[in-house]
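Enquirer: Let me give you the structure first, and then I'll get to my questions.
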Amino acid sequence: MKAPRELWTSKVAFILAAAGSAVGLGNIWRFSYVVGTNGGAAFVIIYLIVIAIIGYPMMVTEVTLGRKAHKNAIGTFKALAPNTPWWIVGALGVLAGFVILSFYSVVAGWAVSYFFKTIGGSLGAGADFGGVFVGHISSAWTPILWHAVFMAVTLGIIAAGVVKGISRSVRILMPALFVLLIILVLRSITLPGAGAGIAFYLRPNFSDLTWQSILGAVGQAFFTLSLGMGCMITYGSYLSDKDDVPDNAAWIVGLDTAVAIIAGFAIFPAVFALGFDPGAGAGLAFITLPAVFAELPAGVLFGAVFFLLLSVAALTSAISLLEVVVAWLIDEYNWTRTKASVIIGLLIFLLGIPASLSLGAVSFNIAGMPFFDFLDFLQESILLPLGGLLTAVFAGHVWTANKTREAANTNRGKIQLGSWYDVLIKYVVPIAIAVVMLFGLIDTFS
Ligand code: TRP
């Protein structure tokens, strides 16, 4: 006998879990370094436009499809379009979950070990922040050890079940993270020389933009909102039919965007004030933020709490990635939750090992980049945009926009989707993604 499908215990539980999925390393680690390597303010503006015209409609669409079918990512497409190949979109999502979580967990492991480094005092004033970071990620054992610990916890929570495991952790985390980020912003913007960083973050220079960076903005929008791979379909599938979609989606998108924008104000003023390079790449947050903590009274305390919160934020995102794969095996192959969590968690851990090693311990390049960067490139430039594009075509043209809109509006709260939604999901979203992907990939490989 199969246990009945779990449902979120309350409206708030869903918003918290979905926002917990969205808010993660993407908002702080990934957002800051892609803004930094793509020239700053102009990229931020494109990113915000993408959030509004692609991100919100896609969020509504994925949650609606999931709530309608009450199935995993693959099962949802099978249920809504039986005997068609559309389930492949869900399969692409499951694959993306695999790929993303493998390197995501490695970065989450960095955050955990930075918690201990902060407490241990190796990140105090005058430390070589860049050197510590490079030393850490390029060593062989420690990052893999923390990656293992992080995957073990992720797997444990998912084995315990969605509602129990997920809802609890997010309630405390989100407000605490917010408060801590605000403290960081206040310190960062009052450092002497912070003005140049604020200008970098707010004063756009559109000649900096390339197709590659616009594709990067689309990829970042999908990544940070957990879209394009059936994650929000899966979370939406645990909503009851009586729950609202459009308002919830607005909350999730709004919270996630607010955290990213605030994180930028914590990081960029400090980058310029303390003489770091905004284009430093994947280490930006890990190099800059410890330097800001070193400038704060009781910096060790704040730093430790911050990296702890960042680790938990990463955890609530990681569980949503693993849940996509696990829910599929439970629904479609009748695996038990424990079996699916353990086996898949282990496989993802294994894929993370070469990703971590490729950052310095071992030379392992694919398509001219370290394996770690290749995995990130694969999800950002191909898997998520393609998944989003196909999901939009499905909702807009196959299941049809009319049906999707009506399903989304059923038991809605304040926001009502109008014909604007149809125009976005049928034309604007798919065409924009297709154009950006095409030119972005040409740009990347030429
Ligand atoms: N959104 C998370 C972050 O910003 C990462 C994440 C969780 C994700 N689930 C996802 C990314 C699904 C893409 C797809 O850290």
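The values are calculated or read from the model by the stated rules, or taken from the named source; none is laboratory data. Since this is a predicted model, take the numbers as computed values, not measurements. Neighbour counts are summed over all protein chains in view; Cβ atoms, including those assigned to glycine, are modelled from backbone coordinates with ideal geometry. Remember, those area values only see protein heavy atoms, side chains included, never the ligands or the DNA or RNA. Shrake-Rupley method; radii C 1.70, N 1.55, O 1.52, S 1.80 Å.
Enquirer: Phe115 versus (1) closer than 30 Å to Pro4 by Cβ; (2) modelled with pLDDT of 95 or more; (3) open to solvent by 20 Å² or more (accessible area, probe 1.4 Å): which is the lone unmet condition?
Expert: (1)
Enquirer: Let me ask something else. Being under 14 Å from Phe286 (Cβ atoms) and among the polar types (S, T, N, Q) is the filter here; which residues of the range 101-138 pass it? If you could, list the steps in order and put the result at the bottom.
Expert: First pass over the range 101-138, keeping only residues under 14 Å from Phe286 (Cβ atoms): 106-118, 122-123, 127-138.
Ser113, Thr118, Ser122, Ser138, listed by residue number.
Enquirer: Could you check the range 1-88 for helices (runs of 4 or more DSSP H) lying wholly inside it with 3 or more residues that are over 18 Å from the mean Cα position of the chain (by Cα)?
Expert: Where helices (runs of 4 or more DSSP H) fall fully within the range 1-88 and carry at least 3 residues being over 18 Å from the mean Cα position of the chain (by Cα), they are 11-22, 41-50, 56-69, 73-80.
Enquirer: So, Ile88, is that one hydrophobic (A, V, I, L, M, F, W, C) and either farther than 22 Å from Leu347 by Cα or at pLDDT below 95 (or both) or not?
Expert: In short, no.
Enquirer: Check off (1) more than 14 Å from the ligand (Cβ to nearest atom); (2) within 30 Å of Asn402 (Cβ to Cβ); (3) at pLDDT 95 or above; (4) open to solvent by less than 10 Å² (accessible area, probe 1.4 Å) for Ala22 and give me the number that stays unchecked.
Expert: Among (1) more than 14 Å from the ligand (Cβ to nearest atom); (2) within 30 Å of Asn402 (Cβ to Cβ); (3) at pLDDT 95 or above; (4) open to solvent by less than 10 Å² (accessible area, probe 1.4 Å), the lone unmet condition for Ala22 is (1).
Enquirer: Does Gly281 fit the bill of being open to solvent by less than 20 Å² (accessible area, probe 1.4 Å), away from the ligand (no atom under 16 Å from the Cβ) and not in a helix (DSSP H, G or I)?
Expert: Values: open to solvent by less than 20 Å² (accessible area, probe 1.4 Å): yes; away from the ligand (no atom under 16 Å from the Cβ): yes; not in a helix (DSSP H, G or I): yes.
Yes: the conditions hold for Gly281.
Enquirer: Only one residue in Val179, Val185, Val271 is crowded, with 21+ Cβ neighbours inside 10 Å and β-branched (Val, Ile, Thr), so which one is that?
Expert: Only one candidate passes the filter, namely Val271.
Enquirer: If we keep just the residues of the range 1-11 that are of a type in the set (A, V, I, L, M, F, W, C) and free of Cβ contacts under 8 Å to residues at least 60 places away in the same chain, which is nearest to the ligand (Cβ to nearest atom)?
Expert: The residue in question is Ala3.
Enquirer: Within the bounds of the range 238-245, is there any residue that is open to solvent by 40 Å² or more (accessible area, probe 1.4 Å), out of contact with any Cys (no Cβ under 6 Å at 6 or more places or on another chain), within 18 Å of Thr61 (Cα to Cα) and not in a helix (DSSP H, G or I)?
Expert: Going through the range 238-245, the residues open to solvent by 40 Å² or more (accessible area, probe 1.4 Å) turn out to be 241-242.
Filter again for out of contact with any Cys (no Cβ under 6 Å at 6 or more places or on another chain), leaving 241-242.
Now drop any that are not within 18 Å of Thr61 (Cα to Cα), which leaves 241-242.
Filter once more, keeping what is not in a helix (DSSP H, G or I): 241-242.
Scanning the range 238-245 turns up at least one residue that is open to solvent by 40 Å² or more (accessible area, probe 1.4 Å), out of contact with any Cys (no Cβ under 6 Å at 6 or more places or on another chain), within 18 Å of Thr61 (Cα to Cα) and not in a helix (DSSP H, G or I).
Enquirer: Limited to the range 229-280, what total is found for residues that are farther than 30 Å from Glu295 by Cβ and of a type outside the set (Val, Ile, Thr)?
Expert: Going through the range 229-280, the residues farther than 30 Å from Glu295 by Cβ turn out to be 229-254.
Within this subset, residues satisfying the condition of being of a type outside the set (Val, Ile, Thr) are 229-232, 235-244, 246-251, 254.
Looking only at that region, the number is 21.
Enquirer: Let me ask something else about it. Quick check on Val149: is it under 19 Å from the mean Cα position of the chain (by Cα), over 24 Å from Val35 (Cβ atoms), in contact (Cβ under 8 Å) with a residue 40 or more places away in the chain and assigned to a helix (DSSP H, G or I)?
Expert: It is false that Val149 is under 19 Å from the mean Cα position of the chain (by Cα), over 24 Å from Val35 (Cβ atoms), in contact (Cβ under 8 Å) with a residue 40 or more places away in the chain and assigned to a helix (DSSP H, G or I).
Enquirer: Okay, moving on. Could you tell me whether any residue of the range 110-131 is within 13 Å of the ligand (Cβ to nearest atom) and either outside any loop (DSSP other than H, G, I, E, B) or in contact (Cβ under 8 Å) with a residue 24 or more places away in the chain (or both)?
Expert: Yes, because at least one residue in the range 110-131 is within 13 Å of the ligand (Cβ to nearest atom) and either outside any loop (DSSP other than H, G, I, E, B) or in contact (Cβ under 8 Å) with a residue 24 or more places away in the chain (or both).
Enquirer: Looking at (1) farther than 24 Å from Ile119 by Cβ; (2) open to solvent by less than 20 Å² (accessible area, probe 1.4 Å); (3) more than 16 Å from the ligand (Cβ to nearest atom), find the lone condition where Ala304 falls short.
Expert: (1)
Enquirer: If a residue must be farther than 30 Å from Asn365 by Cβ and open to solvent by less than 10 Å² (accessible area, probe 1.4 Å), how many such residues does the range 330-355 contain?
Expert: 2
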